[in-house]
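Undergrad: This is the structure I have questions about; it appears just below.
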Amino acid sequence: MKVGLNPDWGGTYFLPRLVTSNKACELFFLGETIKAEEAARLNIVNQVVSAEELENATQALAQRLKVAPPIAIAAAKQAVYMSDASDLEEMLRYETESQIRCFESEDGHEGVRAFLEKRDPIFTGH
């Protein structure tokens, strides 16, 4: 805004979904920089860490995602993004189909085995 250009990079799509539309308008119209704590309060960012902690926090998050089940993560990601344009019935149908795909996958079998054996699962994306 401060240089006379419209918000881009999907900002006009995503920001009103994260904050109220009136807050999105305020942020867009004024173009002011906000502090990290305010961005966290508005749910624009997930976590605030110091510059010194950033690399460690990023690596820790990456490690947690690295061992997560990729098929289930992909299904959940798809569900989150399609939920804005879908009704409850469509989402329940998608969840059921995704759950079946996950359950029938090697990762699904590994997850159940690991749970029953009281150990951490090792997911491969298959």
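Undergrad: Residue by residue through segment 22-72, note down the ones that are small (G, A, S) and either loosely packed, with under 10 Cβ neighbours inside 10 Å or within 18 Å of the chain's Cα centre (by Cα) (or both).
TA: Our first condition is that a residue be small (G, A, S); within segment 22-72, this holds for 24, 31, 36, 39-40, 50-51, 57, 60, 62, 68, 72.
A39, A40, S50, A51, A57, A60, A62, A68, A72 - these are the residues of segment 22-72 that are small (G, A, S) and either loosely packed, with under 10 Cβ neighbours inside 10 Å or within 18 Å of the chain's Cα centre (by Cα) (or both).
Undergrad: What residue, of I34, I100, I44, I71, is of a type in the set (V, I, T) and touching a Lys or Arg at 6+ places or on another chain (Cβ under 9 Å)?
TA: Numbers: I34 fails: touching a Lys or Arg at 6+ places or on another chain (Cβ under 9 Å); I100 fails: touching a Lys or Arg at 6+ places or on another chain (Cβ under 9 Å); I44 fails: touching a Lys or Arg at 6+ places or on another chain (Cβ under 9 Å).
Just a single option satisfies the conditions, and that option is I71.
Undergrad: Now for a different question. Looking only at segment 18-50, count how many residues are among the basic types (K, R) and either in the same structural domain as D84 (by TED's automatic domain parsing) or more than 24 Å from L61 (Cα to Cα) (or both). Give the derivation first.
TA: Within segment 18-50, the first condition is being among the basic types (K, R), and the residues that meet it are 23, 35, 41.
From what's left, either in the same structural domain as D84 (by TED's automatic domain parsing) or more than 24 Å from L61 (Cα to Cα) (or both): 23.
Residues flagged as among the basic types (K, R) and either in the same structural domain as D84 (by TED's automatic domain parsing) or more than 24 Å from L61 (Cα to Cα) (or both) within segment 18-50 amount to 1.
Undergrad: When both residues are 6+ apart or on different chains and their Cβ atoms are under 6 Å apart, which pairs have a first residue that lies in segment 55-78 and is closer than 20 Å to I100 by Cβ, and a second that is not aromatic (F, W, Y)?
TA: If the second residue must be not aromatic (F, W, Y), the pairs left are P69/D107; P70/G125; I71/C102; I71/S105; I71/D107; A72/C102; A75/S98.
Undergrad: Okay, moving on. Would you mind telling me which numbered condition in (1) of a type outside the set (D, E); (2) under 30 Å from E110 (Cα atoms); (3) loosely packed, with under 13 Cβ neighbours inside 10 Å A79 fails?
TA: Answer for A79: the failing condition is (3).
Undergrad: Here is a follow-up. Pick from segment 1-53 the residues that are β-branched (V, I, T) and modelled with pLDDT under 90: which of them is nearest to A85 (Cα to Cα)? So that I can check it myself, show each step before the final result.
TA: Kept after step one, since they are β-branched (V, I, T), are these residues of segment 1-53: 3, 12, 19-20, 33-34, 44-45, 48-49.
With modelled with pLDDT under 90 added as a condition, the list becomes 3, 12, 20.
Details: V3: 33, T12: 16, T20: 17 Å.
Among those residues, the one meeting the criterion is T12.
Undergrad: Scan segment 95-117 and tell me whether some residue there is loosely packed, with under 12 Cβ neighbours inside 10 Å, assigned to a loop (DSSP other than H, G, I, E, B) and either modelled with pLDDT of 95 or more or polar (S, T, N, Q) (or both).
TA: Yes, segment 95-117 contains a residue that is loosely packed, with under 12 Cβ neighbours inside 10 Å, assigned to a loop (DSSP other than H, G, I, E, B) and either modelled with pLDDT of 95 or more or polar (S, T, N, Q) (or both).
The values are calculated or read from the model by the stated rules, or taken from the named source; none is laboratory data. Predicted, not measured: the structure shown is a model, and the values here were computed from it. Glycine also receives a Cβ, built like all others from the backbone with ideal geometry; neighbour counts cover every protein chain displayed.
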